[in-house]
Each structure stands twice: as C-alpha cells, then as structure tokens.
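Q: This is the structure, below, for whatever I ask next.
Nothing in this text is a laboratory measurement; each read-out follows from the coordinates by a stated rule. On a predicted model such as this, the values are computed, not experimentally measured, just so you know. Cβ: placed from backbone, ideal geometry, glycine included. Neighbour counts: every protein chain shown.
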Amino acid sequence: MSNINNQICDVIIIGAGASGLFAAAAADLHAKGAVSYGEGSSFKGLILEKTSRPGTKLLMSGSGQCNITHAGSIKDFTSCYGDKGNKIRSCLYKYSNLSLMEFLEDNGVEVFTREDGKVFPKSMDAHDVLYMLLRRAKKNGFELKCDSEVTEINNIDTDNGPSLWQVVTTDSKGDITVYSAHSVIIATGGCSYPTTGSDGSFFNVLRNDLDIEITELKPSLTPIQVNEYPYAELSGISFESIHTSIWYKDKKIAETCEDLLFTHKDMSGPAVINISKYAQHGGKLRINYLHPLNYEQVLERLKKVFHGAKGSPANIIAAEFDLPKRFCQLFTERHGEGLKNLARNLTGEEFVINSVSGFNKAMATSGGIDLKQVSTSTFEFKEHPGLYAIGEALDVDGITGGYNLQFAYSSAASAIKTIFQNHQL
Ligand SMILES: Cc1cc2nc3c(=O)[nH]c(=O)nc-3n(C[C@H](O)[C@H](O)[C@H](O)COP(=O)(O)OP(=O)(O)OC[C@H]3O[C@@H](n4cnc5c(N)ncnc54)[C@H](O)[C@@H]3O)c2cc1C
C-alpha cells in the first residue's frame with residue numbers, strides 16, 4: 001500500500017457502466033457555447049472504474065446486440081418499472097426514448113426498430129454504442145481511470161462555499177488515491193452478473209460511510225425453477241403471448257402476457273423473466289397456455305372437438321388449439337383425458353415455485369438505493385448536496401425490452417445536466 005495523492009476534479013463519476021458513461025457523454029457542454037469545456041479545457045471530469053475495462057455489461061446487453069430502448073409511446077413506459085414507474089415519470093418524459101434515439105443518431109450511431117418495438121443500433125453491435133460513449137465522454141473532458149475501485153466516500157466541510165466530496169480508490173496493487181470534487185455521481189450498478197464488476201459491494205460502502213438506506217436486493221429478470229419440473233424433455237419449446245401469473249397465499253401478486261420458453265431445467269422467456277422478481281419459495285406460478293381463452297370457453301371447444309372424434313387426444317388438442325404436438329403428448333400423459341381437467345390445466349396449469357436463478361443469471365437487480373433519499377427529477381441526494389445516484393444502483397428495475405438502458409440514460413442525463421446548470425461549470 002503506497003501513493004496517497006489528492007486530485008481535485010469538477011465532477012467524479014463512480015462506475016464506467018452504461019449509466020456512468022451516459023452521464024459523461026450526455027453532458028452537453030458545447031451546447032452552452034462555453035469554450036472552456038472539453039479536451040484541453042480547464043474542466044476536469046473523472047470516471048473511476050473498478051475493473052480493467054469500461055462497459056462490460058453494456059457489451060453483453062441484448063446478447064451483444066444492445067437493445068437500448070423501446071420505440072413505444074413514452075406514456076407506456078412507466079408501467080414497465082413496477083411500482084417505481086410513477087416515481088420516475090418526470091425523468092423518463094424529459095429524457096425520453098426519442099431523446100435517447102436522437103442522441104445516438106446525432107453522435108453517429110444509427111438505430112433500428114424491430115417489429116416488436118425493441119430498438120437496437122443498426123449494426124446490431126453493442127461496441128458501437130460503447131465506443132461512441134467513450135469518445136464523447138473524452139471530448140467532454142472526462143478522463144477514464146480503470147482499476148480504480150472506490151472504497152470510501154466522505155463529505156468534507158469547507159469553511160467557505162459548498163461542501164466537497166472526497167473519494168478514495170484502491171487499485172489491484174493496493175495503491176490508494178484520493179480524489180475530491182463538488183459533484184459526485186454514483187453509477188455503480190446493482191448485483192447481477194457480478195463478474196462484470198457490479199457485484200453490489202459499493203452498497204456496503206454507502207451504508208457504512210454515509211448511512212444511505214438500501215432496499216432489499218433481489219435477482220430480477222431471471223428464470224424460475226418449480227418443484228417437479230415436468231417439461232425438461234421439451235427444452236426449446238416456446239409459446240407466444242401466453243398468460244402467466246404469480247400467486248402467494250391465494251393472492252395474485254404479478255401477471256403478464258408474453259412469450260414462454262421451456263428450458264432443460266426451468267421456465268424462462270419474458271412471460272416468466274419479467275415477473276420473476278415477485279417469485280418466492282412456496283408461491284405458485286400459473287400458466288394459461290391458451291390466453292385469452294378461459295376455462296369455460298376451452299371446455300366448450302374440447303367437448304365439441306372430442307365429440308365423435310378419432311385419433312389421439314394429444315393430436316386433437318394440438319390441432320384444435322395450434323399447440324406443439326410434443327407438449328400436448330406430455331400434457332395429456334400428465335393430466336389424463338378428462339375434459340374438465342384438461343381445460344382447467346390448459347388455462348391454469350399450476351406449479352409450486354422452488355427458487356429463482358441467482359444474481360449470476362439475473363439480468364437486473366430489484367432493490368438498491370432507496371428512492372425516498374433522492375430527488376427523482378435530478379437524482380441528487382436530499383441530505384447530501386452534490387451527491388447523485390443513477391442507473392441500476394437505484395431501486396429501479398425495468399422489464400426486458402430496453403427499459404433498463406433507457407433508465408440508465410434518463411437518470412444519467414437528469415443528473416449531469418443538473419450539475420452543469422447548478423454549478424455553472
Ligand atoms: C446479460 C444481460 C443482458 C442485458 N440486456 C439488456 C438489454 O438488452 N437492454 C436493457 O435495457 N438492459 C439490459 N440489461 C440490463 C442493463 O445492462 C443494465 O441495467 C445496465 O447496464 C445498468 O447500467 P449501470 O451503469 O447502472 O450499471 P452497470 O452497467 O452494471 O455498471 C456499473 C459499473 O460500476 C463499476 N463499479 C462497481 N462498483 C464500483 C466501485 N466501488 N468503484 C468503481 N467502479 C465500480 C462496475 O465495475 C461497472 O462497470 C442486461 C443485463 C445483463 C446482465
């Protein structure tokens with residue numbers, strides 16, 4: 001352990017993931033007509049990244065293709081963040097999906113909207129987004145320092161003027177460096193895919209050093225494991241737009257209508273992944289394979305189609321409801337040939353939830369910095385002027401479809417633009 005320096009900067013961003021890089025890149029400094037920003041100027045911004053490279057999770061997003069946002073109406077976005085949606089409405093409207101797409105295109109990343117509304121870079125390569133963000137961050141006067149894990153954060157009272165934030169980094173050799181700035185943005189992500197660097201350890205630093213409250217951290221956007229999973233041999237079979245719901249003590253706690261995928265050991269696909277954060281051991285996962293049909297409608301059709309019909313029940317059901325034959329074969333073996341029983345299970349097959357996959361497989365983290373501590377239009381801490389939190393470090397998580405990267409952008413733009421306005425940097 002050696003080398004204690006003290007470097008003073010204007011803005012420090014902790015974490016070079018999607019949100020941290022969006023903040024550095026979206027600092028629209030030149031728009032203000034100020035000549036003193038950018039490379040060679042007196043402005044000094046710093047991005048401190050714990051790992052040896054920036055944007056690792058961004059590069060994994062959308063299987064490397066980077067589903068960066070959704071092209072639907074911004075009015076429909078709030079419902080995609082569960083009960084947090086209404087709280088972040090103003091930042092989503094101010095820095096919307098259209099604003100994000102314009103930002104990308106203005107900076108040379110053409111975008112493409114798929115049939116299902118998901119937006120990607122036209123190249124379908126997350127590298128193009130990452131390289132653009134890094135280029136723009138540098139142009140805006142931000143220096144990136146990798147292998148710089150922030151291990152302490154403190155507020156220093158200054159006699160005159162606003163208080164100063166001090167952050168301490170430790171590198172892989174044990175060298176310590178101290179940096180100070182009037183504005184610090186926490187962009188350290190959640191706990192999912194910990195090998196990317198966002199392993200949740202910074203939450204402990206925030207608790208210990210600043211008494212910041214962190215809500216319960218749970219894996220989100222992950223497959224669900226059920227007891228006595230019967231469909232392992234149907235791995236790869238999927239269903240379009242089916243209805244799934246999660247029940248606990250006879251109360252429905254979440255539902256969605258999307259695509260379902262059987263894997264060799266669990267249930268996956270958006271129909272399961274998007275409600276996985278509500279899953280708990282002992283709860284029930286209920287599946288209606290024939291949505292929007294209900295029990296009565298299915299029973300009536302089964303009675304008609306089975307009346308005088310020849311052939312195996314599995315084939316009859318497969319043909320009548322356009323379901324995969326292999327599924328119907330196994331389904332009838334499991335549930336017999338009684339029409340009422342078949343109708344009940346086709347419209348509401350129930351499984352007891354055992355567990356969800358852990359943070360190693362979860363695409364997002366549910367929980368994080370409690371939103372009550374920050375302004376949800378600027379993301380500045382109410383009790384800590386000059387300190388901001390953005391992206392997945394906050395207790396905000398969206399469903400699949402580009403909503404998490406959209407929030408990374410919306411919260412980042414809200415924070416950095418506030419900093420530049422307030423401090424007239
Ligand atoms: C496999 C996968 C696929 C995904 N696909 C999509 C998708 O297609 N669309 C979408 O919208 N979302 C997707 N997501 C979610 C999305 O990638 C995240 O929500 C987003 O990256 C969060 O950005 P962030 O900056 O808040 O956190 P992160 O991207 O996790 O970045 C946090 C950074 O902070 C660094 N850090 C942590 N602690 C410290 C510290 N103490 N000091 C310094 N640095 C620190 C980390 O090393 C990391 O680089 C996906 C996630 C995964 C795992």
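Q: Consider all pairwise Cα distances in the range 224-356 and report the whole-number % of them above 26 Å.
A: On the way: 1702 of 8778 pairs.
Summing the P(r) tail past 26 Å for the range 224-356 gives 19 percent.
Q: A further question on this structure: Using only Cα atoms, tell me the angle between helix 325-335 and the longest principal axis of the chain; keep it within 0 to 90° and round to the nearest 10.
A: So the inclination is approximately 70 degrees.
Q: Reachable aspartates and glutamates from Lys265, Cα under 14 Å, same-chain residues fewer than 8 places away excluded?
A: List returned: Glu228, Glu233.
Q: Moving on to the next point. Tell me, what ³J(HN,Hα) does each residue in the range 281-292 have, in order and in whole Hz, if you take phi through Karplus 6.51 cos²θ - 1.76 cosθ + 1.60 with θ = phi - 60° and put x for Gly and Pro?
A: So the J values, rounded to whole Hz, are 3, x, x, 10, 10, 10, 10, 9, 6, 10, 3, x.
Q: While we're on this one: Using mean Cβ contacts within 10 Å as the protection proxy, how do 195-205, 146-156 order, highest first? Don't skip to the end; give the middle numbers.
A: Details: 195-205: 18.6, 146-156: 16.9.
Top to bottom by mean Cβ count within 10 Å: 195-205, 146-156.
Q: Okay, moving on. Grab the other residues whose beta carbon is less than 11 angstrom from that of Lys145, score K and R as +1, D and E as -1, and report the net. Write down the numbers at each step before the final one.
A: Working: positive: Lys50; negative: Glu49, Glu143, Asp147, Glu149, Asp171.
Its environment carries a net charge of -4.
Q: If you add up the charges near Arg286, with Lys and Arg at +1 and Asp and Glu at -1, over every other residue whose beta carbon is less than 15 angstrom from its beta carbon, what do you get? Let's see the in-between values first.
A: Values: positive: Lys249, Lys251, Lys252, Lys284, Arg344; negative: Asp250, Glu255, Glu258, Glu349, Glu350.
So the surrounding residues net to 0.
Q: How many angstrom lie between the C-alpha centres of the range 85-159 and the range 257-330?
A: 40 Å
Q: Follow-up question, since we're still on this one. Most exposed first by the Cβ proxy, i.e. fewest other Cβ within 10 Å, how do Trp247, Trp165 rank? Walk me through the intermediate numbers first.
A: Numbers: Trp247 17, Trp165 21.
Ascending number of Cβ neighbours within 10 Å: Trp247, Trp165.
Q: Return the long-range amide H neighbours of Val111 (sequence gap of 5 or more, or a different chain), with a cut-off of under 5 Å between placed amide H atoms.
A: The answer is Lys122.
Q: Using Cα pairs under 8 angstrom and six or more residues apart, how large is the relative contact order of the range 224-356, in percent?
A: On the way: 248 pairs, mean separation 41.6, N = 133.
Result for the range 224-356 is 31 percent.
Q: Taking a cut-off of 15 Å between Cα atoms, list the aspartates and glutamates near Lys382, but don't count ones fewer than 8 places away on the same chain.
A: Asp211, Glu213, Asp370
Q: Further question: Taking the Cβ of Ala364 as the center, what net charge do the other residues with Cβ under 9 Å away carry, scoring Lys and Arg +1 and Asp and Glu -1?
A: Numbers: positive: Lys277; negative: Glu392, Asp397.
Local charge sum for Ala364: -1.
Q: Normalised by the residues of the chain, what does the relative contact order come to in percent, with Cα pairs under 8 Å and at least six apart? Provide the component values of the computation, followed by the final result.
A: On the way: 946 pairs, mean separation 95.1, N = 425.
Relative CO of the chain lands at 22 percent.
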